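Working notes, structure below.
The values are calculated or read from the model by the stated rules, or taken from the named source; none is laboratory data. Worth saying up front: this structure is predicted, and the values here are computed from it rather than measured. Every residue, glycine among them, receives a Cβ derived from its backbone with ideal geometry; neighbour counts consider all protein chains shown. These accessible areas exclude ligands, DNA and RNA; they are computed on the full protein's heavy atoms, side chains included. Shrake-Rupley method; radii C 1.70, N 1.55, O 1.52, S 1.80 Å.
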Amino acid sequence: MQQLPKRSTTSSSLRRRVTLSFVTLAVLFIGATIAILYLNFRQRVRDDFRQRLESIASLAALQQDGDALLRITSESDPLFAQIRAQNTKIKQADPDLVFVYVMVKEGENIYFLVDAGEDEGLAGFRERYEEPGETLLQNFDTLTKPISEPDFYTDDYGTFLSAYSPVYNASGRKVAVIGVDINAKTIQEQESQFLRISLIVFFVALALVSVFGWVVGGNVSGPISQLAQAANVIAAGNLQHRAGVKTGITEIEELVTDFNLLAKRNQELIQSLEERVKERTHQLEERSAQLETSLQTNQRRTDQLQAVAKIARTISSVQNLDELLPLITQTVSAEFDFYHTGIFLLDMKKEYALLKASNSPGGKQMLAREHRLRVGQVGIVGFVAGTGQPRIALDTGEDAVYFDNPDLPNTHSEMGLPLRSGNKVIGVLDIQSEETAAFDERDIELLSIVADQISIAIQNANQFQEAQSALEEARTAYRQYVQREWRTFIHEEKRLGYRYSPAGVGPLKARVRSNDIEIANATGQTRTSQTESQTQIVVPIKLRGEVVGVLNIKTDGFHPIDSDEVDVTEAVAERVALAMDNMRLLKTSQDQAARERTISAIASKIGASTNLKNVLQTAVEELGRIMPGADVTIQLGSNEQE
């Protein structure tokens with residue numbers, strides 16, 4: 001067994017790790033403690049300053065003369081100077097204060113009345129407070145007692161902690177609010193000082209903990225290092241070696257005893273495992289060979305299924321039979337790596353199988369000369385077409401049914417699969433390979449699925465083509481019907497159309513002819529033309545795709561045609577077509593109803609007659625009234641009965 005390297009630095013490394021772990025825990029504990037103390041101190045300092053500011057604001061508010069504040073008219077007013085001097089004394093009484101100012105609110109805005117102090121940048125009389133704190137904005141109108149900002153805020157004058165208190169006049173009505181500011185730096189300096197002291201304490205404690213951890217690490221790492229060396233000897237192959245550590249520490253000596261017991265059991269276990277490994281290795285080698293064979297089979301099966309899926313997607317993407325069949329032969333040959341793939345379809349009399357598509361060069365030569373095989377007689381294709389059963393030739397040289405085709409000289413295996421429509425054979429899928437015994441039962445199963453998909457695709461393509469033909473016939477019949485109905489309608493109405501000009505609106509007496517109108521009638525597309533003498537828009541009036549008239553707009557001179565004008569004209573033409581068709585249908589319905597009423601009236605009068613003479617007389621009279629000037633005759637019997 002290979003000798004493992006000795007661990008000469010185990011003790012020092014373990015000692016460092018123990019020390020580092022101890023120091024890390026201490027750092028986390030001390031750091032968390034200092035952080036909590038710092039946060040508590042900072043909160044207490046700020047709370048103390050807020051209480052102090054609120055007290056100062058309250059006392060300052062009591063010293064304000066509310067009535068005098070309301071009488072100040074300008075900065076030159078003696079009252080203004082008096083109140084500013086008074087508030088300046090309040091500011092000077094506490095060195096931490098920066099501003100003492102009295103404010104009033106008018107509408108949604110806050111204005112300074114008196115801003116006390118000797119510093120530059122003081123607000124003037126009734127100067128608007130541009131960026132007041134959120135607390136002041138929300139509580140100005142409802143303020144009844146001193147309040148302070150919850151935290152520092154910044155405005156045009158700097159960053160401060162502020163407190164506010166209401167100012168009342170002699171009658172007890174609140175007339176203003178006084179504010180006092182302390183600079184944020186004053187509070188932050190105290191917080192920074194505490195933080196510096198905390199950091200000093202932290203590093204001193206860290207040094208003490210490091211020394212203590214190093215001592216404790218040495219006491220713990222020595223015995224463990226000896227155990228590690230013993231484990232290294234055993235791991236190197238000396239399974240009889242045992243640890244002999246004496247420390248006087250009960251826990252470590254118990255660990256040594258357990259270690260030696262574990263080493264003994266490992267020795268016994270390793271010997272047993274070596275015997276079992278030999279046995280299992282032989283079994284795994286046999287199983288591995290089986291799995292490798294199965295994996296290759298499954299992989300081939302998976303590849304074939306993926307190929308079938310790809311062929312199915314290819315088949316479903318094309319509906320034209322002339323494009324579909326060549327695409328199928330190319331895809332089948334590419335996915336299954338076949339030498340030749342051909343598709344034969346039976347003729348109308350079921351006498352011959354006609355080659356319709358192929359991928360190979362030889363197959364394309366056969367297509368060029370319209371290759372065909374007699375059903376039931378020639379080759380595997382003829383056999384499958386005649387019997388409807390799959391047929392495989394694993395060795396074409398020995399198969400009696402195989403047809404030796406000079407266009408495909410390299411064929412050594414061939415398989416023919418029937419293409420069915422219901423119970424009827426409609427063709428054959430012919431597959432040929434250059435390899436002998438290239439097909440098995442699984443190939444027949446998979447390629448039979450492909451053959452079924454091809455059969456369905458052929459049926460769908462035929463049905464699609466039939467549906468397209470039927471749809472085109474229906475469209476042609478409908479166009480003829482629409483044209484016939486409109487010709488009849490226009491003939492009956494005896495109107496060519498209407499024209500609007502500066503002279504007014506009147507019927508169109510003769511057809512308007514122009515090249516644009518003829519093109520619009522023929523193509524059904526809007527035409528526009530512009531010359532220096534005139535501008536013209538011709539919009540076809542279409543009813544369900546058929547042109548039944550045109551809407552022609554002409555203006556004298558050159559006029560730029562806007563797309564909105566064309567859109568409006570086309571929309572009007574569309575609604576005209578719908579309205580005219582509705583009118584035609586209404587007239588047709590009315591004519592039909594009139595005919596039905598006439599027939600019903602004649603039938604009622606004939607039904608009221610009591611003898612043959614009255615029946616015949618009533619019939620000719622009523623028909624004569626309907627068609628004035630006509631000679632109506634009813635003759636009984638035939639010439640042969642005379």
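Structure notes:
- With respect to the conditions (1) without any contact (Cβ under 8 Å) to a residue 12 or more places away in the chain; (2) open to solvent by less than 20 Å² (accessible area, probe 1.4 Å), Ile83 lacks only one, and its number is (1).
- Index of the failed condition, Asn410 passing every other in (1) at pLDDT below 80; (2) within 17 Å of Arg372 (Cα to Cα): (2)
- Figure legend. Inter-residue proximity from segment 177-205: first residues within 30 Å of Lys105 (Cβ to Cβ), second residues assigned to a helix (DSSP H, G or I) and of a type in the set (D, E, K, R), beta-carbon distance below 7 Å, spacing 6+ or different chains. Indicated pairs: Ile187/Arg46.
- Among the strands (runs of 3 or more DSSP E) confined to segment 503-576, the ones with at least 2 residues that are open to solvent by 30 Å² or more (accessible area, probe 1.4 Å) and closer than 30 Å to Ala477 by Cβ are located at 546-556.
- Residues located in segment 337-353, provided they are farther than 24 Å from Phe439 by Cα and either surrounded by fewer than 16 Cβ atoms within 10 Å (Cβ to Cβ) or among the β-branched types (Val, Ile, Thr) (or both): Asp347, Met348, Lys349, Lys350, Glu351
- Close contacts from segment 122-135, counting a first residue that is farther than 20 Å from Ala81 by Cα and a second that is modelled with pLDDT of 85 or more and surrounded by fewer than 12 Cβ atoms within 10 Å (Cβ to Cβ), with Cβ to Cβ under 8 Å and a gap of 6+ residues or different chains, come to Tyr129/Asn109.
- The single condition among (1) in contact with a helix residue (DSSP H, G or I) (Cβ under 7 Å, 6 or more places away or on another chain); (2) in a helix (DSSP H, G or I); (3) surrounded by fewer than 18 Cβ atoms within 10 Å (Cβ to Cβ) that Ile187 does not satisfy is (3).
- In segment 604-623, the residues that are modelled with pLDDT of 80 or more and open to solvent by 70 Å² or more (accessible area, probe 1.4 Å) form no Cβ pair under 9 Å with any partner that is among the hydrophobic types (A, V, I, L, M, F, W, C) and outside any loop (DSSP other than H, G, I, E, B), whether six or more places apart or across chains.
- Leading residue by the ranking (farthest from Val45 (Cα to Cα)) among those in segment 133-169 that are at pLDDT 90 or above and aromatic (Phe, Trp, Tyr): Tyr168
- Those residues of segment 115-153 which are in contact with an Asp or Glu (Cβ under 9 Å, 6 or more places away or on another chain) and among the β-branched types (Val, Ile, Thr), in sequence order: Thr135, Ile147
- Residue match in segment 57-68 (condition: free of Cβ contacts under 8 Å to residues at least 40 places away in the same chain, assigned to a helix (DSSP H, G or I) and either among the β-branched types (Val, Ile, Thr) or open to solvent by less than 20 Å² (accessible area, probe 1.4 Å) (or both)): yes
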